[in-house]
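Colleague: Encoded as structure tokens, here's the structure I'll be asking about.
The values are calculated or read from the model by the stated rules, or taken from the named source; none is laboratory data. Keep in mind the model is a prediction, meaning the values are calculated, not measured. Please note: Cβ atoms are built from the backbone with ideal geometry, for glycine as well, and neighbour counts cover all protein chains shown. Accessible surface areas use protein heavy atoms only, side chains included; no ligands, DNA or RNA. Shrake-Rupley method; radii C 1.70, N 1.55, O 1.52, S 1.80 Å.
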Amino acid sequence: MNKTPFLIPLLVCTVVSAHAGDTTFSLARELLNEKDYSLAAVEFRRFAMETEAPEEVAAAYLYAGYAYLQAGKTVPTREMLDRAELADTQSLYGNEVALLNAERAYRARDPESALYFYDLLAEPATPESLRTFALRRSAAIHCSRGDLEDARRQLGRLPDGTASLQALDTYAAGQDKSPYVGGLLGLIPGAGYWYSGEIANGFRSLILNALFIYGMAHTAYEDQWGAFAAISFFEVTWYTGSIYGGVDAAQRYNNDRLDAARQGIEGDLRYQPNPQMTLPLFKLKIDF
């Protein structure tokens, strides 16, 4: 009995299926390049369900996790990374899973989990670029938490951490502004802003409060009590705004100082899938 006629449809289906998978992956990569991250993640997930090769499944879920992470969706990111880890039977992507998990926790404001994964990547056996990335990010988190010695210890493990250490030292030598003091000084319109270095806002607050106080005095002198009441209402608003503004100005000063320190420690950290890699490979390209 000739079985060839039965094999031809099977071969055709196999070729069509492989072509469909390639098309899905190409579309997903195109969407990723166009920064349409949510749709790209959906297409990568579709490809993961279409292919049967475990290494391709793992890579596709890693791409999906990366896309979700760039879209700011940390919950599905974790799900995709868990699936990638299960599919990675050959242990090809341990570092990539750890980095994306660290970045997921970092964006989700879960510093403890982020530090756990960064510490895994900070071991000497990790490729240098990835290890440098992890140490800088870890040091920045420690700095944010006020653990300056731990931050300095992490930066000391870098091959060349001079610039990052200088940024940390500059931050340590400075001093935060007290929101409490800023609020108290705000009792004098403008002074709370000046305390935190916001000169223009301070003069704006002083001038506006002075104008309203003048308006109150003038309308009271002219017995224009309706206008006096209206102006008094706005003056109370502006005066309390001066107090709260002093508090906010101090907090902004502290946040800006910390942001500058973190930027100096981290440098221009960037990571993305290496565009030279094709399935079944997924590798992250690290830039500073």
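Colleague: Classify the stretch 220-264: rounded, prolate or oblate, from the alpha-carbon gyration tensor (a ≥ b ≥ c, eigenvalue square roots; a/c under 1.5 rounded; otherwise prolate if a/b is larger than b/c)? Don't skip to the answer; put the middle values down first.
Modeller: On the way: a/c = 6.95, a/b = 6.79, b/c = 1.02.
Here the stretch 220-264 falls in the prolate category.
Colleague: With charges set only on the Cβ (+1 for Lys and Arg, -1 for Asp and Glu), what does the dipole of the stretch 103-183 come to about its Cα centre, in debye to the nearest 20? Each step should come with its number before you reach the end.
Modeller: Values: 11 positive and 12 negative charges, 42 e Å.
Dipole about the Cα centre, nearest 20: 200 debye.
Colleague: Pairing the Cα long axis of helix 162-173 with the longest principal axis of the chain, what angle in degrees results, from 0 to 90 and rounded to the nearest 10?
Modeller: Orientation of helix 162-173: about 30 degrees from the principal axis.
Colleague: Follow-up question, since we're still on this one. Need one word for the stretch 139-183: rounded, prolate or oblate. Basis is the Cα gyration tensor (sqrt eigenvalues a ≥ b ≥ c); a/c below 1.5 gives rounded, then a/b vs b/c decides. Could you put the intermediate results ahead of the total?
Modeller: Working: a/c = 4.13, a/b = 2.35, b/c = 1.76.
The shape class here is prolate.
Colleague: Within the set of other residues whose C-beta is less than 14 Å from the C-beta of Ala250, count the net charge using Lys and Arg as +1 and Asp and Glu as -1. If you can, show how the numbers build up before the last one.
Modeller: Working: positive: Lys177, Arg252, Arg257; negative: Asp176, Glu198, Asp248, Asp256.
Net charge in that neighbourhood comes out at -1.
Colleague: Quote the charge dipole size of the stretch 236-288 about the Cα centre in Debye, to the nearest 20; the model charges only the Cβ of Lys and Arg (+1) and of Asp and Glu (-1).
Modeller: The calculated dipole for the stretch 236-288 is roughly 200 debye.
Colleague: Continuing with the same structure: Please give the net charge around Pro124, taking every other residue with its beta carbon less than 11 angstrom from that of Pro124, where Lys and Arg add +1 and Asp and Glu add -1. Don't skip to the end; give the middle numbers.
Modeller: Working: positive: Arg131, Arg157; negative: Glu123, Glu128.
Overall, the nearby charge balance is 0.
Colleague: Residues of the stretch 93-118 with backbone nitrogen within less than 19 Å of a virtual label 7 Å along the Cα-to-Cβ line of Ser144, please, listed as ranges.
Modeller: Counting only backbone N, you get 98-118.
Colleague: Which residues' amide hydrogens lie under 5 Å from the amide hydrogen of Lys285, considering only partners 5 or more residues apart or on another chain, with H built in the peptide plane?
Modeller: Gln272, Asn274
Colleague: Working from Cα positions, state the angle (0 to 90°, nearest 10) between the long axis of helix 128-144 and the longest principal axis of the chain.
Modeller: For 128-144 against the chain, the angle is about 30 degrees.
Colleague: On a 0 to 90° scale, report how tilted helix 199-221 is relative to the longest principal axis of the chain, with both axes built from alpha carbons and the result rounded to the nearest 10.
Modeller: Approximately 40 degrees, to the nearest ten.
Colleague: Leaving out ligands, DNA and RNA, what percent of the accessible area of the chain is carbon and sulfur, probe 1.4 Å? Numbers along the way, then the final one.
Modeller: On the way: 9370 of 16000 Å².
Carbon and sulfur atoms account for 59 percent of the accessible area of the chain.
Colleague: Which of Leu31, Leu165, His218 sits closest to the plus end of the dipole of the chain, meaning its Cα is farthest towards the positive end, when Lys and Arg get +1 and Asp and Glu get -1 on the C-beta?
Modeller: Leu31
Colleague: So how strong a dipole does the chain carry about its Cα centre when Lys and Arg Cβ are +1 and Asp and Glu Cβ are -1, to the nearest 20 debye?
Modeller: Values: 26 positive and 36 negative charges, 33 e Å.
Approximately 160 debye in magnitude.
Colleague: When the helices in the chain are scored as -39500 (n - 2.57) per DSSP H run of 4 or longer and the sum is shared across all residues, what 222 nm value do you end up with, to the nearest 500 deg cm²/dmol? Spell out each step's value before the answer.
Modeller: Values: 13 runs with 214 residues, N = 288.
So the helix-based figure for the chain works out to -25000 deg cm²/dmol.
Colleague: Give a residue-ordered list of calculated ³J(HN,Hα) values for the stretch 94-109 (Karplus: 6.51 cos²θ - 1.76 cosθ + 1.60, θ = phi - 60°; whole Hz; x for Gly, Pro).
Modeller: x, 5, 5, 4, 5, 5, 5, 5, 4, 5, 4, 5, 4, 6, 7, 6
Colleague: Using modelled amide H (1.01 Å from N, peptide plane; none on Pro or chain starts), what sits under 5 Å from the amide H of Gly186, excluding residues fewer than 5 places away?
Modeller: Hits under the 5 Å cutoff: Gly192.
Colleague: Please work out the average accessible area per residue across the chain, using the 1.4 Å probe convention, and give it in Å². Don't jump to the answer; show the numbers that get you there.
Modeller: Values: 16000 Å² over 288 residues.
Counting only protein heavy atoms, the per-residue value for the chain is 56 Å².
Colleague: Please compute the contact order of the chain in relative form: average sequence separation of alpha-carbon pairs under 8 Å and at least six residues apart, divided by the residue count, as a percent. Don't skip to the end; give the middle numbers.
Modeller: Details: 382 pairs, mean separation 42.1, N = 288.
Relative contact order here is 15 percent.
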